Amino acid sequence: MYSDPFVMLVKVICNLYLFIVLLRLVLQLTRADFYNPISQGIVKATSPIVLPLRKVVPAIGRLDTASLVLALGVQLLTVFLVVLINGVAISPVSYAIFTLAGTLYHLLDLYFWAMLISVILSWVAPTANHPGALLVGQITAPLYRACQRVIPTLGGLDLSPIFIFLAISFLKQVLAPYSI
């Protein structure tokens, strides 16, 4: 099913945009620096679709539901195009499952890579002032804090990344059969 080069091309293009939309959603949820140049690029890439959606889909607290709807829409489009290219028929319930599971899978993937970058930066350049390093730190800080409430540090050694990686990997394996 995935050996078709057109399927791969559709998935790469759609998943790249989905990554940008999910990154916008995460940046808003974590209240990351809006004036960071990377944040500004993400906002510019997604605003043409998010801003009109905000007129129809209001925010719920800190959750930017317009970005969430756009992420689900991009994933639904990906599922639709992959199914169309392969010439198979699936039910509307299957579309919903593949859309929700795929969006959550890619959100977990985003956090996985952010955590990996964060861990590597903590070893190599713990005081980095690069906009990307600052953004990664702002995205991952809430996860670290939540995990550190449950798992304290051991003599200055923070084990929270290990448990976060395990949780993310477990959830991705559960969702993998349902994501396209």
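The values are calculated or read from the model by the stated rules, or taken from the named source; none is laboratory data. Only a predicted model underlies this, so the values are computations on that prediction, with no experimental measurement involved. Cβ atoms come from the backbone with ideal geometry, glycine included; neighbour counts cover every protein chain shown. Heavy atoms of the whole protein, side chains included, go into the accessibility calculation; ligands, DNA and RNA do not. Shrake-Rupley method; radii C 1.70, N 1.55, O 1.52, S 1.80 Å.
Does Leu51 meet the test of being modelled with pLDDT of 95 or more and either in contact with a strand residue (DSSP E or B) (Cβ under 6 Å, 6 or more places away or on another chain) or among the hydrophobic types (A, V, I, L, M, F, W, C) (or both)?
no
What is the residue count in region 57-75 for residues that are out of contact with any helix residue (DSSP H, G or I) (no Cβ under 8 Å at 6 or more places or on another chain) and assigned to a helix (DSSP H, G or I)?
Count: 2.
Being under 30 Å from Arg145 (Cβ atoms), charged (D, E, K, R) and open to solvent by 30 Å² or more (accessible area, probe 1.4 Å) is the filter here; which residues of region 6-43 pass it?
Correct list: Arg31, Asp33.
Restricting the first residue to region 145-171 and requiring it to be free of Cβ contacts under 8 Å to residues at least 24 places away in the same chain, which pairs with a second residue that is among the small types (Gly, Ala, Ser) meet a Cβ separation below 7 Å and a spacing of at least six or different chains?
Short answer, once both residue conditions are applied: Cys147/Ser160; Gln148/Ser160; Ile151/Ser160.
Tell me yes or no: at least one residue of region 60-75 is surrounded by fewer than 15 Cβ atoms within 10 Å (Cβ to Cβ) and within 15 Å of the chain's Cα centre (by Cα).
In the first step, residues of region 60-75 are kept if they are surrounded by fewer than 15 Cβ atoms within 10 Å (Cβ to Cβ); the result is 60-63.
Restricting the remaining residues to those that are within 15 Å of the chain's Cα centre (by Cα) gives 63.
Yes: one or more hits.
Which of the helices (runs of 4 or more DSSP H) contained wholly in region 76-180 include at least 1 residues that are charged (D, E, K, R) and open to solvent by less than 50 Å² (accessible area, probe 1.4 Å)?
Values: elements: 92-124, 131-150, 160-175.
Counting at least 1 such residues, we get 92-124, 160-175.
Anything in region 15-36 that is at pLDDT 95 or above and more than 13 Å from the chain's Cα centre (by Cα)? List them, or say none.
None - no residue of region 15-36 is at pLDDT 95 or above and more than 13 Å from the chain's Cα centre (by Cα), so the list stays empty.
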